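Below is one structure, written out as structure tokens; comments come after it.
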Amino acid sequence: MWLLLLVSFIWAFSFGLIKGRLAGVDATAVATLRLALALLVFVPVLDWRLPLRAIGRLAGIGALQFGLMYLLYQRAFDFLPAYAVVLFTLTMPLYVTLCDALAEKRLHARYALAALLAMLGAAAVLITAAPTGRLFAGFALMQASNLCFAAGQILWRRERAGPGCTTSDTAVFGWLYAGAVGVAAVWSLFTVHWTALRLSGVQWGVLGYLGIISSGGCFFWWNLGARRVNAGTLAVFNNAKVPLGVACSLLFWGERADLPRLLVGGALMALGVWVAERGQRVRV
């Protein structure tokens, strides 16, 4: 459990770094480079003797959980301030619980209520005196990103809990990043002008931190911690970064927000999460 908490603290500072130090850099390029750096961390310990079928499954999980998730997540920063990106990850536990319920074939009506509450919470933040399409686009990107990350967590738990799974997490985790880099790299061929990309020393330093620590180390620790707790606890910890991240964005990165609206929206979204996981904790 402490691994999940440690990662939440580290991730809380990443949102502001992306918005403040990488503004203007192509979002797909950022996603591809940080995933490539994360892969490099695990190449020295990668188990090359795994069966091709197992490698394919792991790469597929990584392509979903990290590859597609990052492509969507990084793009959201083009539409939203960092604090809104953080806030809109609040529905992540709802998706974790929902994906686990679907996998275990025990979907219940309360998930519909939870989804409604979460959407109302988002609406409280999105619907201002002058609502814009950029806010709604950013919200949609974050929900798709959340769903990818949530589904990947459940698939990873099930993959590593399967029979005959004796290889260590460290030796196989690189295959997840390989799948993620593959998806991001292919997408970047159609959207990124690599020859025109120019990064400052500070931006390379931020990418190094995001790729090696925030992605490479933290995603491994997160998935390791995800195997040691039940789905309800995992859902709760998916939200630990939200108050931390919002606080960092407002206090350290100089962003401004309508605090009453932010609190009301956050409370409604948190209520949706509580409704979704209430019965989950009883069963697991």
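The values are calculated or read from the model by the stated rules, or taken from the named source; none is laboratory data. Source: prediction; values computed, not measured. Neighbour counts run over all protein chains shown; Cβ positions are idealised from the backbone, glycine included.
One line per residue, one yes/no per condition, for (1) among the acidic types (Asp, Glu); (2) under 20 Å from residue 60 (Cβ atoms); (3) buried (at least 19 other Cβ atoms within 10 Å of the Cβ):
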position	(1), (2), (3)
145	no, yes, yes
149	no, yes, yes
197	no, no, no
210	no, no, yes
214	no, no, yes
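In summary, helices (runs of 4 or more DSSP H) completely within region 21-105 and bearing 3 or more residues that are free of Cβ contacts under 8 Å to residues at least 24 places away in the same chain and not polar (S, T, N, Q) occur at 52-62. When restricted to residues that are part of a helix (DSSP H, G or I) and either surrounded by 17 or more Cβ atoms within 10 Å (Cβ to Cβ) or not aliphatic (A, V, I, L, M) (or both), region 186-195 contains 6. Identify all residues within region 134-143 that are of a type in the set (A, V, I, L, M, F, W, C) and crowded, with 21+ Cβ neighbours inside 10 Å; write none if there are none. Hits for region 134-143 are 139, 141, 142. Residues that are more than 25 Å from the chain's Cα centre (by Cα) and of a type in the set (A, V, I, L, M) within region 161-196 comprise just one, 196. I need the full set of residues from region 1-41 which are surrounded by 20 or more Cβ atoms within 10 Å (Cβ to Cβ) and within 21 Å of residue 225 (Cβ to Cβ), in order please. Once the filter is applied, which keeps residues that are surrounded by 20 or more Cβ atoms within 10 Å (Cβ to Cβ) and within 21 Å of residue 225 (Cβ to Cβ), region 1-41 yields 4, 7, 8, 11, 12, 14, 15, 34, 35, 38, 39.
Considering only region 157-173, I want to know if a residue exists there that is of a type in the set (Val, Ile, Thr), assigned to a helix (DSSP H, G or I) and out of contact with any helix residue (DSSP H, G or I) (no Cβ under 7 Å at 6 or more places or on another chain). Among the residues of region 157-173, not one is of a type in the set (Val, Ile, Thr), assigned to a helix (DSSP H, G or I) and out of contact with any helix residue (DSSP H, G or I) (no Cβ under 7 Å at 6 or more places or on another chain), which makes the answer no. Residues that are in contact (Cβ under 8 Å) with a residue 60 or more places away in the chain, surrounded by fewer than 22 Cβ atoms within 10 Å (Cβ to Cβ) and not aliphatic (A, V, I, L, M) within region 169-183 comprise 170, 182, listed in sequence order.
Would you check if there is a residue in region 72-81 being over 15 Å from residue 214 (Cα atoms), over 18 Å from the mean Cα position of the chain (by Cα) and surrounded by fewer than 24 Cβ atoms within 10 Å (Cβ to Cβ)? No: region 72-81 contains no residue that is over 15 Å from residue 214 (Cα atoms), over 18 Å from the mean Cα position of the chain (by Cα) and surrounded by fewer than 24 Cβ atoms within 10 Å (Cβ to Cβ).
Residue by residue, here is whether (1) at pLDDT 95 or above; (2) over 17 Å from residue 71 (Cα atoms); (3) of a type in the set (Gly, Ala, Ser) holds:
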position: 136; (1), (2), (3): no, yes, no
position: 145; (1), (2), (3): yes, no, yes
position: 150; (1), (2), (3): no, no, yes
position: 154; (1), (2), (3): no, yes, no
position: 161; (1), (2), (3): no, yes, yes
position: 175; (1), (2), (3): yes, yes, no
position: 181; (1), (2), (3): yes, no, no
position: 215; (1), (2), (3): no, no, yes
position: 222; (1), (2), (3): no, yes, no
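Taking each residue of region 188-199 that is closer than 16 Å to residue 36 by Cα and looking for partners that are aromatic (Phe, Trp, Tyr) and assigned to a helix (DSSP H, G or I) with beta-carbon atoms closer than 8 Å, six or more apart or interchain, yields 188/194.
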